[in-house]
């Protein structure tokens, strides 16, 4: 039987050995065997299972939900066929999103006034999964994903509206040239911190995490674009830094 060591599996999938060991600890993916020296090996059945895990994770499902979905026995061919279907569905959604973003770009370039909801309509929050997992760990993303999964449609709609309102207010303050240390800007950052806490499944970001998030807003072009450019993102980061010194020690 063909087997692959954990290092090869990590290299092939882009996952870290730590993530694969975490999957083992929670019973999501166990190796086919563990050698006397502790090295872990994975067979074809484990490869098929991991393929399904990764395809379901791409849909933002929390690991607990994925584990429930993997109770049946599916071949690798079936897993790939299901993944193909999901990718085709995502392609259709992406094409729709491209149309929305192109419309937004044309409107902005032509100086057309747009409601803030339309400006943010093309933003896909799932694109930030890798940053969250890398910077703050799998648990942070899982809490956030589970929170959204557990919501009703109305709750998700309200949650999306709050996200738009919080970030649009920060952008408006930056565009207006508001002093980052002003009471207005600091109140907006306080609301932003509460929003992040809710978005992260109720775990408030500490000093290090919130500081890292403020830097990410400037260094990652996707985040900066959400706030209208790097200058605006820098103003928001500065306001967050001031708030952090005052409120997070």
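The values are calculated or read from the model by the stated rules, or taken from the named source; none is laboratory data. All values derive from a computational prediction rather than experimental measurement. Please note: Cβ atoms are built from the backbone with ideal geometry, for glycine as well, and neighbour counts cover all protein chains shown.
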*From the options 118, 178, 191, 142, residue that is in contact with a helix residue (DSSP H, G or I) (Cβ under 8 Å, 6 or more places away or on another chain) and at pLDDT below 70*: 118
*asked:* Among (1) surrounded by 15 or more Cβ atoms within 10 Å (Cβ to Cβ); (2) at pLDDT 90 or above, there is one condition residue 198 misses while meeting the rest; what is its number?
replied: (2)
*Check residue 33 against each of (1) touching a strand residue (DSSP E or B) at 6+ places or on another chain (Cβ under 7 Å); (2) closer than 20 Å to residue 81 by Cβ and name the one condition it does not meet.*
(2)
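Identify all residues within the stretch 210-243 that are more than 30 Å from residue 149 (Cβ to Cβ) and buried (at least 20 other Cβ atoms within 10 Å of the Cβ); write none if there are none.
232, 235, 237, 239, 243
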*If residue 207 passes every condition in (1) at pLDDT below 95; (2) surrounded by 14 or more Cβ atoms within 10 Å (Cβ to Cβ) but one, which one does it miss?*
(2)
